[in-house]
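Here is the structure we will look at.
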Amino acid sequence: MSTDSPQQVKLPAREPYFTTFELILLAILAALIVVAKIALRLPLRLPGHSGLFWMAIIVVAAGIVPKRGAASLVGLTSAIIAAFMGLGDFGALNTFLSYLVVGIGTDLALMLLGKPDQIVIAALAATLGHLGKFVVKWVFGLITGAPIGFVTLGLAWAAAGYIVWGALGGILGALTLKALHRAGFFAYLAEKR
């Protein structure tokens, strides 16, 4: 009888879904969303106007790291940062869910529609993602007891704002991705990965 230990089977090393470099890029873009929310306040008083910046950054993130879940990860990371910093109108939970749903909604839309470097696809995906934020705010309004007549009266105006600003943000994001392609950014990224 031999005293040798049983032979161990070595499994091949599993590659992580996101590389460390991709995670760093996504974290930087998530932080950029929060910085844009703080620094780029436009005195427009139009519902959803911050979507111009948010959705452009989310679309760029999904284009730079073209993997499912990239936009959701950016949404989650920016949600944590924004909630921690106390941003938002209705408290930390609303802020967290609003930022998170923007990323998840954009990811789901891109799974159905395709790559975000196409202007129409980016506009549609950003619109759907931004409408997710609108739905979170609407649900919180209902939960907190906002008068239904007042909420209904403002819904059409607010929804139109979220649609328009989300679409414009998606277009801006797609144009940014095209400019990054022309500048050779993606060739540079391929070398770094």
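Laboratory data are not the source of any read-out in this text; all were calculated from the coordinates shown. Please read these numbers as outputs of a predicted model, since none were measured by experiment. Quick reminder, even Gly has a Cβ in these numbers, built from the backbone with ideal geometry, and neighbours come from all protein chains shown.
Quick rundown of the values:
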{"read-out": "Förster radius 41 Å - calculated FRET efficiency between A190 and L46, Cβ distance, rounded to 0.05", "value": "0.55"}
{"read-out": "Ratio Rg/Rh, restricted to the range 1-95 and using Cα atoms, in which Rh is the Kirkwood radius", "value": "1.31"}
{"read-out": "Hits among lysines - C-alpha to C-alpha of K133 under 16 Å, sequence gap 8 or more where chains match", "value": "K37"}
{"read-out": "Helical segments meeting 30 Å axial Cα length and Kyte-Doolittle 0.0 threshold in the chain (DSSP H)", "value": "92-113, 119-143, 148-182"}
{"read-out": "Value of [θ]222 nm, deg cm²/dmol, for the chain, DSSP H segments ≥ 4, -39500 (n - 2.57) each, nearest 500", "value": "-25000 deg cm²/dmol"}
{"read-out": "Residue order, fewest to most surrounding Cβ atoms within 10 angstrom, among V65, V135", "value": "V135, V65"}
{"read-out": "Extension reserve of the V35-A179 stretch, reckoned as 0.36 nm per residue once the Cα distance is removed", "value": "49.6 nm"}
{"read-out": "The range 21-159 - convex hull of alpha carbons, volume per residue in Å³", "value": "104 Å³"}
{"read-out": "Most to least packed among 92-99, 155-162, 47-54, 31-38 [average Cβ atoms within 10 Å]", "value": "47-54, 92-99, 31-38, 155-162"}
